[in-house]
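In what follows, a single structure is set out as structure tokens and then discussed.
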Amino acid sequence: MIAIGFEGSANKLGIGIIEHNTESGVVNILANIRHTHVTPPGTGFLPRDTAVHHREHIIPVVKEALKTSNVQIKDIDVICYTKGPGMGAPLVSVAVVARTLALLWNKPIVGVNHCIGHIEMGREITKADNPVVLYVSGGNTQVIAYSEHRYRIFGETLDIAVGNCLDRFARILNLSNDPSPGYNIEQHAKKGKKFIELPYTVKGMDVSFSGILSNIETIKNEQSCSPEDLCFSLQETVFAMLVEITERAMAHIGSKEVLIVGGVGCNLRLQEMMAQMVEQRDGKVFATDERFCIDNGIMIAHAGLLAYRTGFITPLERSTCTQRFRTDEVYVAWRDAN
Amino acid sequence: MIENATLIKQGAEARIHTAPFLTRTAIVKERFSKAYRHPILDKKLTTRRVNQEARCLFKCRKSGVDTPALYFVDTENSTIYMEFVRGTIVKDLLVTNSVYIQNKVKQDELAKKIGIALAKVHEIDIIHGDLTTSNLMLRESNQSLVVIDFGLSYISSLPEDKAVDLYVLERAFLSTHPNSEEMFDYGDEREAWLDESTRL
């Protein structure tokens, strides 16, 4: 079975084509094309401009995906798109195209929860069986574990997402947004030496990042800290918080595996710290690289196809988008109860 | 090194031993350093948490909340010696004890005990910081609810901090014990609960 996935919940526009061999269980990635809306240093991406970007590029990207995959339109079984969560305007601009193509090609359509896309893609690529999932991106920060047909949220941010904290910090320092602010912070951090103390806020399995951001704004203006030291200290602090809540979740449910997904998940320092923690606990850490960590169409196609294979279809009149769509709202029919 | 210690649990950030302390058996909680954390951050967090834990344990005990009695604090080695409470963890109770799984009256009784204990904790402006069903126990001798692990506790009078504390507990319930929603449905109990907490 073949699915095409449409993703555009934030500044990444991604189209992916995936094939599931329903007999052998083998998954083939046929195309994974992405086009990113990059804004000048010191600025973030706004919903309206991002929607304009997606509208402008989606047709060429779809064509390129079809060409790369060598798949005929008639071979596609289902069209999957991101239903949410994400920014409203970009989500809608992509959903419109998915819906139109569904009518044009006469294919069923499946609305996918973006977070579930990340989790399922991570599980497929790394073959992690039943891990504690740390989902960290520009819009989400959650510690998740599976139980009884739902991905349950054990811990999450109480205010802004960790990626949002990093993005806004990059804006304060005027770092480049190309290829992503997080990547540039990571490169700067490698040269950082001095550790500057920042607020460290962990409440149970939840974290809070907003205080760090305002604190770093003050420090930057008051003291003479190099941008490298600031990047280094910020990474050490926020990642320590993330690793700590992940460890707490692991201890709480007695799991030995960790899977890191989401855009921030491709940060090697975070992966390294997680590995050090897991080593102390005698467990294993799974992570993916930039192709699958950062938002992409493949993960939407993959999660959508898993749902479609259990008989799930989104009726056209209900193929809407929503900015708020929690991970635990989705009934996971394709996995066993435990 | 702790003399004659037996490791009973390796938690997320501390090793829990049992060891003789004077004439009694004590729980010895030894915090260890985290390889992944920057040394400065690690030292700061460990020291702060040992102090806070000891302070909050003592303060709660003094105000009539059932917590393990504090025996001794070894700040040098980030170790706390406290009473060994004989009883059952609430998480195990709700997962394995068939009486609690099936009997709604028993569940309500337990929920009320938890509510009253937390009202007392919040009354003296202590925020537990890690309320999960793993950190609540029932004492074997008198079925009293014991609050344990004050490792992330701090003092604050802000209603928001108390609310977050309860929110963390509610989420821990819902994620660990699916179908426990009704334990959070205050209903008629709410009046009694509020009475209880204002009286304290």
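The values are calculated or read from the model by the stated rules, or taken from the named source; none is laboratory data. This is a predicted model, so every value here is computed, not measured. Note that each Cβ is placed from the backbone with ideal geometry, even for glycine, and that neighbours are counted across all protein chains shown.
Among the conditions (1) outside any loop (DSSP other than H, G, I, E, B); (2) among the hydrophobic types (A, V, I, L, M, F, W, C); (3) within 14 Å of chain A (Cβ to nearest Cβ), the only one that B:CYS60 does not satisfy is (3). Considering (1) within 14 Å of chain B (Cβ to nearest Cβ); (2) surrounded by fewer than 24 Cβ atoms within 10 Å (Cβ to Cβ); (3) within 30 Å of A:LYS83 (Cβ to Cβ), the lone condition that A:THR310 does not fulfil carries the number (1). Beta carbons closer than 9 Å, at least 6 apart along the sequence or on distinct chains, pair a first residue in segment A:203-215 that is away from chain B (no Cβ under 14 Å) with a second that is basic (Lys, Arg) for A:LEU213/A:ARG168. The residue that is surrounded by the fewest Cβ atoms within 10 Å (Cβ to Cβ), among those in segment A:149-192 that are within 14 Å of another protein chain (Cβ to nearest Cβ) and farther than 26 Å from B:GLU160 by Cβ, is A:HIS149. Looking across segment A:284-335 at every residue that is charged (D, E, K, R) and assigned to a loop (DSSP other than H, G, I, E, B), the one that is farthest from A:LYS127 (Cα to Cα) is identified as A:ARG324. One residue is enough: does segment A:138-147 have a residue meeting the conditions over 18 Å from the mean Cα position of the chain (by Cα), assigned by TED's automatic domain parsing to the domain that holds A:CYS266 and on the phi < 0 side of the Ramachandran plot? Yes. Annotation for segment A:287-301: no member residue is surrounded by 17 or more Cβ atoms within 10 Å (Cβ to Cβ), on the phi < 0 side of the Ramachandran plot, among the basic types (Lys, Arg) and out of contact with any helix residue (DSSP H, G or I) (no Cβ under 7 Å at 6 or more places or on another chain).
Of all residues in segment B:93-114, those that are over 18 Å from B:SER134 (Cβ atoms) and either in a helix (DSSP H, G or I) or not assigned by TED's automatic domain parsing to the domain that holds B:GLU160 (or both) total 9. Which residues, counting only those in segment B:9-24, are surrounded by fewer than 13 Cβ atoms within 10 Å (Cβ to Cβ), under 22 Å from the mean Cα position of the chain (by Cα) and more than 14 Å from chain A (Cβ to nearest Cβ)? Passing the criteria: only B:ARG24.
For segment A:145-167, the set of residues classified as of a type outside the set (D, E, K, R), touching a strand residue (DSSP E or B) at 6+ places or on another chain (Cβ under 8 Å) and in a strand (DSSP E or B) consists of A:ALA145, A:TYR146, A:TYR151, A:ILE153, A:PHE154, A:GLY155, A:THR157, listed by residue number. Would you please name the residue that is surrounded by the most Cβ atoms within 10 Å (Cβ to Cβ), looking only at residues in segment B:76-100 that are at pLDDT below 90 and of a type in the set (S, T, N, Q)? The extreme case among them is B:ASN97. One residue stands out among those in segment A:216-250 that are free of Cβ contacts under 8 Å to residues at least 24 places away in the same chain and within 26 Å of B:LEU152 (Cβ to Cβ): the one that is surrounded by the fewest Cβ atoms within 10 Å (Cβ to Cβ), which is A:THR218. Say whether the condition of being touching a helix residue (DSSP H, G or I) at 6+ places or on another chain (Cβ under 7 Å), farther than 25 Å from A:PRO227 by Cα, within 14 Å of chain B (Cβ to nearest Cβ) and of a type in the set (Val, Ile, Thr) is met by at least one residue in segment A:123-131. No - not one qualifying residue is present in segment A:123-131.
Of the residues making up segment A:35-47, not a single one is touching a residue at least 40 places away in the same chain (Cβ under 8 Å) and farther than 23 Å from A:LEU173 by Cα. For A:GLU272, the criteria (1) at pLDDT 95 or above; (2) among the acidic types (Asp, Glu); (3) crowded, with 19+ Cβ neighbours inside 10 Å hold in every case but one, which is (3). Does A:ALA170 satisfy the criteria of being part of a helix (DSSP H, G or I) and assigned by TED's automatic domain parsing to the domain that holds A:ASP282? Against the criterion (part of a helix (DSSP H, G or I) and assigned by TED's automatic domain parsing to the domain that holds A:ASP282), A:ALA170 qualifies.
Looking only at segment B:123-145, residues that are away from every other protein chain (no Cβ under 14 Å) and assigned to a helix (DSSP H, G or I) come to 1 in all. Per the listing B:LYS104, B:LYS113, B:LYS162, the residue uniquely of a type outside the set (Gly, Ala, Ser) and in contact with a helix residue (DSSP H, G or I) (Cβ under 7 Å, 6 or more places away or on another chain) is B:LYS162.
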